[in-house]
1. Which one is farthest from the chain's Cα centre (by Cα) among residues in the range 382-411 that are within 19 Å of residue 305 (Cβ to Cβ) and in a loop (DSSP other than H, G, I, E, B)?
2. Could you count how many residues in the range 168-199 are more than 22 Å from residue 119 (Cα to Cα) and at pLDDT 85 or above?
3. What are the pairs, 6+ residues apart or on separate chains, where a residue within the range 49-76 that is closer than 18 Å to residue 238 by Cα has its Cβ under 7 Å from a residue that is in a helix (DSSP H, G or I) and at pLDDT below 85?
4. Within the range 345-381, how many residues turn out to be within 22 Å of the chain's Cα centre (by Cα), exposed (fewer than 15 other Cβ atoms within 10 Å of the Cβ) and in contact (Cβ under 8 Å) with a residue 40 or more places away in the chain?
5. Only residues in the range 323-344 that are at negative phi and surrounded by fewer than 13 Cβ atoms within 10 Å (Cβ to Cβ) count as the first member; pair them with residues that are at pLDDT below 85 and outside any strand (DSSP E or B), Cβ under 6 angstrom, at least 6 apart or cross-chain, and list the lot.
6. Are any residues in the range 205-234 in contact (Cβ under 8 Å) with a residue 40 or more places away in the chain and either within 19 Å of residue 154 (Cα to Cα) or part of a helix (DSSP H, G or I) (or both), and if so, which ones?
7. Report yes if residue 79 is part of a strand (DSSP E or B) and not assigned by TED's automatic domain parsing to the domain that holds residue 179, otherwise no.
8. Kindly list the number of the only condition in (1) more than 30 Å from residue 165 (Cα to Cα); (2) in a loop (DSSP other than H, G, I, E, B); (3) modelled with pLDDT under 80 that fails for residue 249.
């Protein structure tokens, strides 16, 4: 049995409730990872365990409590019968644990997931195959591009485990974030932290899948009676709430990096190693990251956007960089956008347009772009000092772009939000810390002068 401090929050709250109602000698646990189990310790120190006709899962918390109270009523309060007879009575009266024939067919859910992949990647086309393989995933498939040689995908690796026990949409959505499988090799599947971005994404993926699979679009692959998901704006209970500690960590504003420090970081990359030396691979990797960092710095890109599949060159009188990446989160979609260099001289000096056209190598970021940035830079001395001194993160390159746009170029929140590819409310919440009062005063002075020029008049101060 898990230590109480390690048990999920719903188990801890249930045990606290029961301790107050029936005493410390009556406890609930699970012996087979499936059924709930009642443990009773007698006055002589002996202990017995009896299975209850209910599954050991968050969705059944109220039912578990109800059954324990019912047994306690029969045995202790009313003294109608002994423990064994009380368990027999509730077993006959309750059929909460479904038989194998009654349970959902996992293969039906997995087959529907495969069809959902075809719908999202091929039919609708709003997810690339590479992104599907990484974020959604599926069974091995070598006929797609890029191929999946093995079970893969952050959502699928959890999904294929929980479909073995989930009998409806509610259970599926609870377990996609809360599921734990310590026997998984080589890496165990652990519960995702309540309120975390990872848990939110997994719940969103599975909820969207269920909405499609129970709709006309899929031909009603799954029975809507059992598998209908809640609306998009009603999944908060499955995502959970961040702990106070996590809220404090994530609410702290991301630190921007000053221009001098950005140039020092670029200058610290080992790109001067002789090609003939044995360490030329170190140089090649540094060249790829030098290119990636320059793109992120100059255009304020998200780490995920620093990929050839998202970057291209367009022309309208003159050539410019264009980003095709669409970010889907929070119910909104980030549209493809033109990229504006800040500072423009960096774009020219570093030949960024030419290098994208030539498809100069960029880093292969398999584990996720943010993690790839973090893993490569973690041993860099300049980065380590910046991280120690001011707490930089990969998104700091993007915040540096915003800071330059506001404080040096005096651009408005609306303009910078459009340049960066997000909404004004998002910009105000995360990046407008650089819109200082002094900067706004200068912007107003500049606006008044511009109006005077247009109208040929003087505005009285």
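1. For the range 382-411, the residue satisfying everything is 392.
2. Total satisfying the criteria: 6.
3. Hits for this filter: 58/10; 58/178; 61/10.
4. The qualifying residues number 1.
5. 333/326
6. Those that are in contact (Cβ under 8 Å) with a residue 40 or more places away in the chain and either within 19 Å of residue 154 (Cα to Cα) or part of a helix (DSSP H, G or I) (or both): 205, 206, 209, 210, 212, 213, 217, 218, 226, 227, 232, 233.
7. Taking the combined requirement at face value, the residue does not satisfy it.
8. Of the numbered conditions (1) more than 30 Å from residue 165 (Cα to Cα); (2) in a loop (DSSP other than H, G, I, E, B); (3) modelled with pLDDT under 80, the odd one out for residue 249 is (2).
The values are calculated or read from the model by the stated rules, or taken from the named source; none is laboratory data. Source: prediction; values computed, not measured. Positions of Cβ are generated from backbone atoms using ideal geometry, with glycine treated the same way; all protein chains shown enter the neighbour counts.
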